[in-house]
1. Between ILE194 and GLU173, with labels modelled 7 Å along Cα→Cβ, what's the label distance in nm to one decimal, could you check?
2. Given a Förster distance of 30 Å, report the FRET efficiency between LYS165 and SER101 from their Cβ-Cβ distance, rounded to the nearest 0.05.
3. Given labels modelled 7 Å from the Cα in the Cβ direction, how far is it in nm from SER156 to LYS184?
4. If you bin every alpha carbon distance in region 12-74 into 10 Å steps from zero, what whole percent lands in each bin?
5. Please identify every one of the trypsin sites (Lys or Arg not before Pro) in region 143-199 that sits in a loop by DSSP and has no more than 15 other beta carbons within 10 Å of its own beta carbon.
6. On a 19 Å Cα-Cα criterion, which of the cross-link pairs LYS6/LYS119; LYS6/LYS47; LYS113/LYS195; LYS113/LYS181 come out too long?
7. In the Gaussian network model of the chain, springs joining C-alpha atoms below 10 Å, which of ASN163, ASN176, ASN64 carries the largest mean-square fluctuation?
8. Please work out, to two decimal places, the log10 of the ratio I(q)/I(0) at q = 0.21, 0.22 Å⁻¹ from a Debye calculation in which every Cα of region 97-200 carries one identical scatterer.
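None of the figures in this text is laboratory data; all of them are computed from the coordinates on show. Worth saying up front: this structure is predicted, and the values here are computed from it rather than measured. When we count neighbours, we look across all protein chains shown, and the Cβ atoms used for this are built from the backbone with ideal geometry, even at glycine.
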Amino acid sequence: MEPRVKNWKSFPPRGGWQVTWAEKGQNFPVSALNPDSIVNQIAIIQKRNGTFKGRQPIWDWCNNIWCRRDPARCGAAHAVMQESVRIPADNTSATPAEYGSKLWGMLDTFGMKGAFHEKTWASAIAHISRILNPGTNPETGCSNCHNEWVAILKESPPTQVTNSKDAARWIFETHNRVNRKAGKPQYRWEKAVIKNKWET
């Protein structure tokens, strides 16, 4: 695990590595000369509060902050992902109706030519899973949404997606499946390709 900021070993993102971790109504300023130390300090805070669930969620949160400060060094897909929804550590709450379109917009970028990267794709899928899971994120979780998402991932594993064309088809079919479940209109492939500038 490491920062998604390009050339991070040469110089930190704008504003440095320091962050403010918010938990249980308290703000914890965290400062260090390297990103790994930042993550370690947050892990210690979580362990003291009994909220530690592993280092990966902390890395994701920190990358969210660092890439928001320096989006040009994180790539377009990362920038969209970070703006899709704030995660609970920022003490914000939201409903699927509020952040759903942003999450779909984030996924749509992976179907564009040259935009697909396996690690970023995997991070985006995991990002959505965490947001929808009410067990880990009560601020944004949605039981029905999460159950459907889990079923989708099981039946149509995103790990089988290896390029922009595959991503476009996976996103298209997944979005239409969700729309059918919600009683919403289905998208037409030709229009979706044009609208989202997907590679075909």
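1. 2.5
2. On the way: r = 23 Å, r/R0 = 0.78.
Result of the calculation: an efficiency of 0.80.
3. Taking the two extended label points, one gets 1.4 nm.
4. Using 10 Å bins, I get a P(r) of 23, 56, 20, 2 for region 12-74.
5. Working: sites: LYS154, LYS165, ARG169, ARG177, ARG180, LYS181, ARG188, LYS191, LYS195, LYS197; in loops: ARG188, LYS197.
Counting only loop positions with at most 15 other Cβ atoms within 10 Å, the trypsin sites (Lys or Arg not before Pro) in region 143-199 are ARG188, LYS197.
6. Long pairs (Cα-Cα over 19 Å): LYS6/LYS47; LYS113/LYS181.
7. ASN176
8. Here log10 of I(q) over I(0) equals -1.19, -1.30.
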